[in-house]
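Report on the following structure.
Nothing in this text is a laboratory measurement; each read-out follows from the coordinates by a stated rule. None of the values given here were measured: they were computed from a predicted structure. Please note: Cβ atoms are built from the backbone with ideal geometry, for glycine as well, and neighbour counts cover all protein chains shown.
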Amino acid sequence: MILQTENKNNKVTNGLYIVSTPIGNLGDITLRAIDILKKSDYILCEDTRISKNLLDRYQIKSKLISNHKFNEKKNLLKIIEVLKSKNVVSLISDAGTPTVSDPGAILINECINRNIDIFPIPGSSAVSAAVSISGFGERYFFYGFFPEKNNRLKYDFEKLSDIDGSVVFFISPRKFNKSVKIIKEYFSERKIFICREMTKLYEEYIRVDVNNLEPFASNPKGELTVVISERKKEKNSSIILKESDKKIIKKFIKKLSVKDITDLVSQNSNVSKKEIYNYCLKLKNEK
């Protein structure tokens, strides 16, 4: 089935519109987004006070419904009834694209289940903006917000550090300061690009090697978008472990973690870390 946002009479098709809004500078909104918002019967927004700044700027008079992570489940059936009544409903977040680390997924899935039409209205994205000026490779994995518990973070970083590409995440300066040690542990020898307050008055960009990363002297305001570069390609002048390397591994296999042994042996070996890591796992499995 082919869906169209507008018909030949320039009338907007009924349904749910996922509208991207500026991540900071209010000028970063598309003409199409403004048009859809003006033609919406209702606009769902996280914080009506924040959204009103944007809507007043472009003289958008549509009715607002507060819809955030604390009430989106409670609102669900009411909004579905509004959509089923042939209304045009737009969903916006405080900044950027809804449902991307923001509320909205619950409503979208309910619309899918009920065959209610959904349309994306693309626009600003902190993720693509940060990646575009990072200088890193074009392949990246978006992680979202850091979890609160470090145990979960370490578990995820163990997997993310093996991804063949950059890693992008959102984090508050306070949480970032507490996580510097963990970042350095799992992403050593890489580069990191930190974006703070993108497109706003006090925007700031920091580029540094992960090994030289330090916490902020204070907890600055604003959310951070952070990009960690892809892994360095290992120089494999030898793809086979030497017997001397194997002896070192066997000596420490019961005393150190696989990661620690890999780091230790790789310092004085041309063999790839992956080769060392796999040999350690082989020994572990033989026990």
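For segment 1-115, just say rounded, prolate or oblate: build the C-alpha gyration tensor, square-root its eigenvalues into a ≥ b ≥ c, call rounded for a/c under 1.5, and beyond that prolate if a/b exceeds b/c, oblate if not. It is oblate, given that a/c is not under 1.5 and a/b is not larger than b/c.
Sum -39500 (n - 2.57) across every DSSP H segment of at least 4 residues in the chain, then divide by the residue count to get the 222 nm mean residue ellipticity, nearest 500.
Working: 10 runs with 106 residues, N = 287.
Helices in the chain give a 222 nm mean residue ellipticity of -11000 deg cm²/dmol.
The angle between the Cα long axis of helix 243-252 and the main principal axis of the chain comes to about 70°, on a 0 to 90 degree scale.
Of all DSSP-defined beta bridges confined to the chain, some 45% are antiparallel rather than parallel.
Of the chymotrypsin sites (Phe, Trp or Tyr not before Pro) found in segment 149-229, the ones in coil according to DSSP and having at most 15 other Cβ atoms within 10 Å of their Cβ are Y202, F216. Legend: ranking of residues R57, R196 from fewest to most surrounding C-beta atoms inside 10 Å; resulting order R57, R196.
Restricting to DSSP loop positions (anything but H, G, I, E, B) with no more than 15 other Cβ atoms inside 10 Å of their own Cβ, which GluC sites (Glu not before Pro) remain in segment 113-183?
Values: sites: E138, E148, E158; in loops: E138, E148.
Qualifying residues, ordered by number: E138, E148.
Below 8 Å between Cα atoms, with a sequence gap of 6+, how large is the relative contact order for the chain in percent? Could the numbers behind the result be given before it?
Working: 458 pairs, mean separation 45.7, N = 287.
RCO, the chain: 16 percent.
Counting other Cβ atoms within 10 Å, keep those with at most 11, restrict to DSSP loop, and tell me which chymotrypsin sites (Phe, Trp or Tyr not before Pro) in segment 27-83 are left. Here the chymotrypsin sites (Phe, Trp or Tyr not before Pro) that fit, given the DSSP loop and packing criteria, are F70.
Take every DSSP beta bridge whose two residues both sit in segment 15-124; close to 5 percent of them are antiparallel. For L91, the amide hydrogen comes within under 5 Å of the amide hydrogens of Y17, I18, V19, L44, counting only partners 5 or more places away or on other chains and with H modelled in the peptide plane. As I understand it, the value is the acute angle between the Cα axis of helix 48-57 and the longest principal axis of the Cα atoms of the chain; what does it come to in degrees, rounded to 10? With rounding to tens, the tilt is 70 degrees. Axis angle, to the nearest 10 degrees, between helix 273-286 and the longest C-alpha principal axis of the chain: 70 degrees.
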